[in-house]
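The values are calculated or read from the model by the stated rules, or taken from the named source; none is laboratory data. The shown structure was predicted, so the numbers you read here are calculated from the model rather than taken from an experiment. Virtual Cβ from ideal backbone geometry, glycine too; neighbours counted across all protein chains shown. Heavy atoms of the whole protein, side chains included, go into the accessibility calculation; ligands, DNA and RNA do not. Shrake-Rupley method; radii C 1.70, N 1.55, O 1.52, S 1.80 Å.
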Amino acid sequence: MKILLLANSSFKLINFRGTLIRELVAQGHDLIAVAPRDDYTQDFQQMGVRFVDLKMSATGTSVPAEFALLARVFGIIRQHRPDAILGYTIKPNIYGALSARMLGIPFLPNVTGLGSVFDNDTLLSRVVKFLYRTAFRRCPRVFLQNPEDMATFVDNKLIAREQACLLPGSGVDLKAFSATPLPGTGQSRCFTLVARMLREKGVIEFVEAARAIAPDFPDARFVLLGPYGGGKAGGLDEPEINALTNDGVVEYHQAVKDVRPVVASADCVVLPSFYREGTPRSLLEAAAMGRPIITTTQPGCKDVVDHGNSGFLCAPRSIESLADAMRNFLELDDDEKNRMGARSRQIAETVFDERIVVEIYNDALQSAVSGR
């Protein structure tokens, strides 16, 4: 089977879909990755995947540029004529589904979160909903990553109920992300936020909560890890991050290709996101490595945490609620902290194993192609 993968970055395909890609290649399928070229593109060749460069802006809204992107996506799909297409991220999903519909090719989109566009009834949100409804009408399956997103799509009649398929996020490789002991003792603990530096990820709330509790817990550390967010809406650039960290309470480290050593050095992984996530990969990796988690009650985020047992949930946009959760963690004794880490790993094993995602995709691909 010839399968085309369509996304807005090579990085996301390699890091979030790597196990699925390797499994499909091992089964003998011919894979073509279509995405913008970046530092991770070279990895496709090592995986046995052909690559096609897709020039696009993930956040641009110029109407002529968007029509040009739709034409490029259509031309690539028509040239390669795959048996099925797997889509990720909003523009590739919409433009890929529209193109596939015109060409009679099964398209299976994965909606990896709703972002902020569904939060308010604006002209943009109405346009996006119309595009989703039109593009996804003929998709045999539409993958969604949390129950709230699935309900939003079905209740708004963007898709039919029989199209909807709930995934446990993108899953996590339990072997690659193996559990490790918490490194700290007592109140000498490290809180780490792993994300692109975006306001919607709760970066500022994390810094302010750290400042609020640091005087009472002088042995605690607070770490930000991830690329600057410049160029994206709500992004924090280098001068802004420097201003947030120049008092020395919070450390900042730029993105690394392998986050496992960073997660292993953390005692608690924090994501105070108020963004409509799918299911954050950083939390799945933290759970797999046996890390207690503090995150918000946002859809997708809250699904990774057993409140009070594997971590704590806090209110979105609330510095006070986040600071209270961090205090609660620090005041636990060592045995309770370790039990939280063990419960996180248990959740990863039973709910978020990447093999579950691979099996669902295999079934959906076979059904979609046989039903053409």
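Tell me, what are the semi-axes, in whole angstrom and largest first, of the equivalent ellipsoid of segment 47-134 as set by the roots of 5 times the Cα gyration tensor eigenvalues?
23, 14, 13
Only bridges whose two residues both fall in the chain count here: according to DSSP, what percent of them are antiparallel, nearest 5?
Here the antiparallel bridges make up roughly 5 percent for the chain.
Would you calculate the separation in nanometres between label points at residue 327 and residue 66, each defined as 7 Å from the Cα along the Cα-to-beta-carbon direction?
4.6 nm
Of the heavy-atom accessible surface of segment 135-222 (probe 1.4 angstrom), what whole percent is carbon and sulfur?
Taking all protein chains in place, segment 135-222 shows 49 percent carbon and sulfur surface.
First check a/c for segment 90-168, with a ≥ b ≥ c the square roots of the eigenvalues of its C-alpha gyration tensor; if it is under 1.5, answer rounded, and if not, answer prolate when a/b is larger than b/c or oblate otherwise.
Oblate is the answer for segment 90-168, as a/c is 1.5 or above yet b/c matches or exceeds a/b.
Name the most mobile residue of 107, 222, 130, meaning the one with the largest mean-square fluctuation, in a Gaussian network model of the chain with Cα contacts below 10 Å.
Of 107, 222, 130, the most mobile in the Gaussian network model is 130.
Over segment 249-372, what relative contact order in percent results from Cα pairs under 8 Å that are six or more residues apart? Spell out each step's value before the answer.
Details: 157 pairs, mean separation 27.8, N = 124.
Answer for segment 249-372 is 22 percent.
Probe of 1.4 angstrom, ligands and nucleic acids ignored: what's the accessible area per residue over segment 291-331, in square angstrom? Write out the running numbers ahead of the final one.
Values: 1460 Å² over 41 residues.
For segment 291-331, the solvent-accessible area averages 36 Å² per residue.
Suppose a student asked you for the relative contact order of segment 291-353, using Cα pairs under 8 Å spaced at least 6 residues apart; what percent would you report?
That works out to 37 percent.
Which of 261, 316, 36 moves most in a GNM of the chain, Cα contacts under 10 Å?
Of 261, 316, 36, the most mobile in the Gaussian network model is 261.
Over the chain, what relative contact order in percent results from Cα pairs under 8 Å that are six or more residues apart?
Reported as a whole number, the value is 15 percent.
In 10 Å bins starting at zero, report the fraction of Cα pairs in segment 166-293 per bin as a rounded %.
It works out to 13, 44, 35, 9, 0, in whole percents.
When the solvent-accessible surface of protein heavy atoms is calculated with a 1.4 angstrom probe, in what order do 170, 370 fall, highest first?
So the residues, ranked largest to smallest area, are 370, 170.
So what's the net charge close to residue 33: Lys and Arg +1, Asp and Glu -1, counting the other residues with Cβ under 14 Å from its Cβ?
Details: positive: 2, 12, 17, 22, 37, 50; negative: 30, 38, 43, 53.
Around residue 33, the charge tally is +2.
Could you tell me which of rounded, prolate or oblate describes segment 245-372, using a ≥ b ≥ c as the square roots of the eigenvalues of the alpha-carbon gyration tensor, with rounded for a/c under 1.5 and, failing that, prolate when a/b is larger than b/c and oblate otherwise?
Details: a/c = 1.95, a/b = 1.80, b/c = 1.08.
Here segment 245-372 falls in the prolate category.
What is the ratio of the Cα radius of gyration of segment 142-235 to 2.2 N^0.38 Å, with N the residue count, to two decimals?
That works out to 1.53 for segment 142-235.
Cross-link list 129/201; 91/201; 55/302; 2/232; 2/302: which exceed 26 angstrom alpha carbon to alpha carbon? Before the final figure, lay out the partial values.
Values: 129/201 24 Å; 91/201 21 Å; 55/302 35 Å; 2/232 34 Å; 2/302 37 Å.
Exceeds cut-off: 55/302; 2/232; 2/302.
Find out how many positive minus negative residues lie around residue 336, taking Lys and Arg as positive, Asp and Glu as negative, among other residues whose Cβ is under 15 Å from that of residue 336.
Neighbourhood net charge equals 0.
Given a 1.4 angstrom probe, I'd like the percentage of the accessible area of segment 240-303 that is carbon and sulfur, rounded to a whole number. Please list the in-between numbers first.
On the way: 990 of 2000 Å².
Ligands and nucleic acids excluded, carbon and sulfur give 50 percent.
Can you give me the orientation-averaged projected area of the convex hull built on the Cα atoms of segment 297-337, in nm²?
2.8 nm²
Residue 285: accessible area at probe 1.4 Å, nearest 10 Å²?
Only protein atoms counted, so the area is about 20 Å².
Going by average Cβ density within 10 Å per residue, which order do the peptides 93-101, 144-152, 330-338 take, highest to lowest?
93-101, 144-152, 330-338
Percent of accessible area on segment 1-88 owned by carbon and sulfur, 1.4 Å probe?
So the carbon and sulfur contribution to the accessible surface is 53 percent.
Any idea how far apart residue 180 and residue 160 come out in nm if each label point goes 7 Å out from Cα toward Cβ?
Distance between the two pseudo-spin positions: 4.9 nm.
Can you give the accessible area per residue of segment 80-167, in Å², using a 1.4 Å probe? Present the calculation step by step, with values, prior to reporting the outcome.
Working: 3620 Å² over 88 residues.
Per-residue accessible area for segment 80-167 comes out at 41 Å².
GNM, the chain, Cα, under 10 Å: largest mean-square fluctuation among 245, 61, 295?
The residue with the greatest mean-square fluctuation here is 61.
List the aspartates and glutamates whose Cα lies under 14 Å from the Cα of residue 175, skipping any in the same chain that are fewer than 8 positions away.
Those aspartates and glutamates meeting the cut-off are 285, 349, 353, 354.
From the convex hull of the Cα coordinates of the chain, what is the mean projected area in square nanometres?
Spelled out: convex hull of the Cα atoms, projected over all directions, averaged, 17.4 nm².
Rounded, prolate or oblate: which one fits segment 168-222, using the alpha carbon gyration tensor with axes a ≥ b ≥ c (rounded when a/c is under 1.5, else prolate when a/b beats b/c, else oblate)? Working shown, then result.
On the way: a/c = 3.88, a/b = 1.28, b/c = 3.02.
Here segment 168-222 falls in the oblate category.
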